[in-house]
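The values are calculated or read from the model by the stated rules, or taken from the named source; none is laboratory data. Model, not experiment: these values are computed from the prediction. Every residue, glycine as well, gets a Cβ built from its backbone with ideal geometry; the counts of neighbours run over all protein chains shown. SASA here: full protein model, heavy atoms, side chains in, ligands and nucleic acids out. Shrake-Rupley method; radii C 1.70, N 1.55, O 1.52, S 1.80 Å.
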Amino acid sequence: GRRAEAAVGDLRGIPRRPRFLLTRGPSLLALILAAPLGAALGWAFVNGMARFAFGTTGWLDLPRSALIAAGAALLAAIFGLSIVESRRREGTLLEAFRWVQSPLRRGGVVAELSVVALAIAAAVQSVASGQTGVVAQAAPLLIAAAIGLLAFRLVRPVAKALGVTRIRSGRLASGLAALHLARRPVAAQAVMLVVVCLSLVAHSFGAWDRTAETAAQRAAAELGAPQVVTVAAPSRAALLTSVGAADPEGEWAMAAARQRLPRGRTLVALDTTRLSIVDRGELAGMLRPASNELLKVDGSELVLDVTVTEALSDLPITAVLAGPQGTLVTGVATVTAQVGRRDYRIPVPDCAVAPGCRLAWLSFFRSPDELRLHGLRQLNPERELAVGASMQAPARWRPSFEMELEVTISHEGDGLRLRYQPSDPRLVSRDIRMQVADAPVPLPVAVADDPAIVHNGQLTRAGIFATAERPVAVVRSSPSLPGLPQGGVLADLAYADRLSDTFDNDAQLQVWLGERAPADALARLETAGLIPLHTDTIDRRAARYNLGGDVLGLRLQVAAAVLAVLLAVFAILVLAGTDRRRRERELADLSDQGLDARVIRRVAHSGFVVVLAALPAALLACLVVWWLGGARPALVPLGAALLVLVGAAVAREVVS
């Protein structure tokens, strides 16, 4: 707009310094005055966003890096202003006074080619390295800038050819609008700005949507179920019993226990009989193969059939059972020194309550070398539990894992013999166990890891609710398993609990609720004997992830995209305002030459053609940005930004 004024100053011989102030001074003064205000607004915006996202109080410090970045932006704006003003002064004085500007010059080709080359290199690196590295992460915006430069170079010749074609075909309004776009160099720059602006909107909202989706996927993968309730229970067995009581049909609740393992792994044990609540595959059958039947006790007394082969001091035998509600039940019988075969009764009245108890192990105070165990039955009601062949069945009994090298269980005649030989005579155990083997050994597990781990034998033992590791067999390995972090181990809760050889619990007990969980699910769990401590859902956890620093940066990036839309709106308004007098004179000349008034009105209200001219290149840039960023098309924000730009252009023309 000041081009003609600068030309008049040159004709009148204005000295260099006043001429500099005349041409560059107003814009330079505007930049210098606006810079502190812009920095203050940016600082206030980040503080407001931090208070909204994190609930911070007070004002955040303005770091030196932010001041350096703001100063660099100001210097870049001043440098760009100098280039623009210098290019405005190029050419002859006669050209400066012309209403119709000369064609676009070819300056800056080297810089534009450099941007294009950098964009191509960034795109290649992004595809090859999966968006790692600064250059690869900047690839979407570099590609958008390159496409914007391409549109900047092509819009004028394409608009000129289109305008001539449409005028020759009799479509005067659209042809004149296209020629008007072709005859304004600043319009080509506005087209480039619109392309970059819409690309930034696509990139920012696409990244926002992708991050939100990633947060939801991460939350779902970590939780394993739509809703996870952390509970307190007497034991893992009590958890299984209570969940079964709260949801007898097994349609919406599943017991789970989570524990940290050495070497950075996490154990997640689930009630795989209900795994269909969160997983419809074949995983449940793989983790819960057939095993020995439980020794269920539903009578008030256990009876041990024991032979004493030689005189000995009294030897107490303790029966340890998992009670009806999963609690610990114990009973003791004392074997006397009398030689011969007889029955010894162990009172367990708690087991007479339905559904009864599970016999876990028999414990001896010392090595029972003089004893032979022939059978096990119950009274009230009377029933055989393990007698004869079932008592001596292979793998029916086992030593505890902590003493598997010190305890030997063998057949002798029609009975079983247990012998304990401590590896260190100074460390003699007073809890020598004959465990009921009612779980598979090794324990089948699934691992969230490299699929090759199934075959390479890297994981053969793992801590299963115990200090000593248990033998495991990896039956499945996949990068994604329900509720497992990377490297996590998934097992059946009942089997893992039985192999732990303990009723102590330091694992985190949980109840996973499926999509069919009723509204009173927590109340049902409480009625069943569980104490809910904390409830987490996929939506809540994803929302927490969306409060992280990276997401705050994305919010600021979205805000920058919105500001870019406003910048493009202002650019279109400024373009229309500075071009108003020139367009009025052109339209008046066309009216004097006899052009129909309706055509003139249509041409006068065609300022939105700048946005339409940018639309093909903008859509191409958006598609590339979405593809490189791995995001879904953000069509709604893009359409809204496009409507705002078109509306601003149309409104400005109508007001004019």
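Within the range 112-148, being at pLDDT 70 or above and exposed (fewer than 13 other Cβ atoms within 10 Å of the Cβ) holds for LEU113, SER114, ALA117. In a loop (DSSP other than H, G, I, E, B), open to solvent by 20 Å² or more (accessible area, probe 1.4 Å) and more than 30 Å from TRP512 (Cβ to Cβ) - does that describe any residue in the range 276-294? No, because not a single residue in the range 276-294 is in a loop (DSSP other than H, G, I, E, B), open to solvent by 20 Å² or more (accessible area, probe 1.4 Å) and more than 30 Å from TRP512 (Cβ to Cβ). Of the residues that make up the range 166-188, is at least one touching an Asp or Glu at 6+ places or on another chain (Cβ under 7 Å), more than 27 Å from LEU623 (Cβ to Cβ) and buried (at least 19 other Cβ atoms within 10 Å of the Cβ)? Yes, the range 166-188 has at least one match. When the residues of the range 328-350 are filtered to those that are hydrophobic (A, V, I, L, M, F, W, C) and crowded, with 19+ Cβ neighbours inside 10 Å, the one that is nearest to THR307 (Cα to Cα) is VAL335. Taking the numbered list (1) modelled with pLDDT of 90 or more; (2) closer than 20 Å to GLY488 by Cα in turn, MET434 passes all entries but (2). Residues in the range 616-656 that are open to solvent by 20 Å² or more (accessible area, probe 1.4 Å), modelled with pLDDT of 80 or more and more than 33 Å from the chain's Cα centre (by Cα): how many? Total meeting the criteria: 3. When residues in the range 296-312 are screened for being closer than 30 Å to PRO444 by Cα and surrounded by fewer than 21 Cβ atoms within 10 Å (Cβ to Cβ), 2 of them pass.
Within the set of pairs 6+ apart or on separate chains, which have a first residue in the range 355-366 that is without any contact (Cβ under 8 Å) to a residue 60 or more places away in the chain and within 13 Å of THR330 (Cα to Cα), a second that is open to solvent by 10 Å² or more (accessible area, probe 1.4 Å) and among the small types (Gly, Ala, Ser), and C-beta atoms under 9 Å apart? If the second residue must be open to solvent by 10 Å² or more (accessible area, probe 1.4 Å) and among the small types (Gly, Ala, Ser), no pairs are left. Annotation: LEU223 fulfils all but one of (1) hydrophobic (A, V, I, L, M, F, W, C); (2) in contact with a strand residue (DSSP E or B) (Cβ under 7 Å, 6 or more places away or on another chain); (3) surrounded by 23 or more Cβ atoms within 10 Å (Cβ to Cβ); the unmet one is (3).
Taking the stated definitions as given, is GLN325 part of a loop (DSSP other than H, G, I, E, B) and crowded, with 19+ Cβ neighbours inside 10 Å? Yes: the conditions hold for GLN325. Number of residues in the range 431-475 that are surrounded by fewer than 14 Cβ atoms within 10 Å (Cβ to Cβ) and in contact with a helix residue (DSSP H, G or I) (Cβ under 7 Å, 6 or more places away or on another chain) equals 0.
Within the range 16-61, being of a type in the set (Val, Ile, Thr) and either over 40 Å from the mean Cα position of the chain (by Cα) or surrounded by 11 or more Cβ atoms within 10 Å (Cβ to Cβ) (or both) holds for THR23, ILE32, VAL46, THR56.
So, VAL511, is that one more than 28 Å from MET286 (Cα to Cα), touching a residue at least 60 places away in the same chain (Cβ under 8 Å), open to solvent by less than 30 Å² (accessible area, probe 1.4 Å) and out of contact with any Phe, Trp or Tyr (no Cβ under 6 Å at 6 or more places or on another chain) or not? Here the answer is no, as VAL511 does not meet what is asked. Within the range 581-595, being surrounded by 15 or more Cβ atoms within 10 Å (Cβ to Cβ) and part of a helix (DSSP H, G or I) holds for ARG582, ARG583, GLU586, LEU587, LEU590.
Say whether the condition of being closer than 30 Å to PRO442 by Cβ, part of a helix (DSSP H, G or I) and out of contact with any helix residue (DSSP H, G or I) (no Cβ under 6 Å at 6 or more places or on another chain) is met by at least one residue in the range 562-569. Scanning the range 562-569 turns up no residue that is closer than 30 Å to PRO442 by Cβ, part of a helix (DSSP H, G or I) and out of contact with any helix residue (DSSP H, G or I) (no Cβ under 6 Å at 6 or more places or on another chain). Among the residues of the range 239-257, those that are over 29 Å from the mean Cα position of the chain (by Cα) and either farther than 20 Å from LEU490 by Cα or among the hydroxyl-bearing types (Ser, Thr, Tyr) (or both) comprise THR241, SER242, GLY244, ALA245, ALA246, ASP247, PRO248, GLU249. Looking across the range 425-447, just one residue is free of Cβ contacts under 8 Å to residues at least 12 places away in the same chain and under 51 Å from the mean Cα position of the chain (by Cα), and that is LEU427. One residue stands out in the range 258-308 among those that are under 23 Å from the mean Cα position of the chain (by Cα) and basic (Lys, Arg): the one that is modelled with the highest pLDDT, namely ARG258. Can you confirm whether GLU402 is farther than 17 Å from ALA333 by Cα, open to solvent by 30 Å² or more (accessible area, probe 1.4 Å), in contact with a Gly (Cβ under 8 Å, 6 or more places away or on another chain) and outside any loop (DSSP other than H, G, I, E, B)? Criteria not met by GLU402.
Annotation note: of ALA238, ALA233, ALA255, the sole residue that is under 10 Å from LEU509 (Cα atoms) and open to solvent by less than 10 Å² (accessible area, probe 1.4 Å) is ALA255. Criterion applied to ARG372, ARG358, ARG419 was being within 12 Å of VAL306 (Cα to Cα) and assigned to a strand (DSSP E or B), and the one residue passing it is ARG372.
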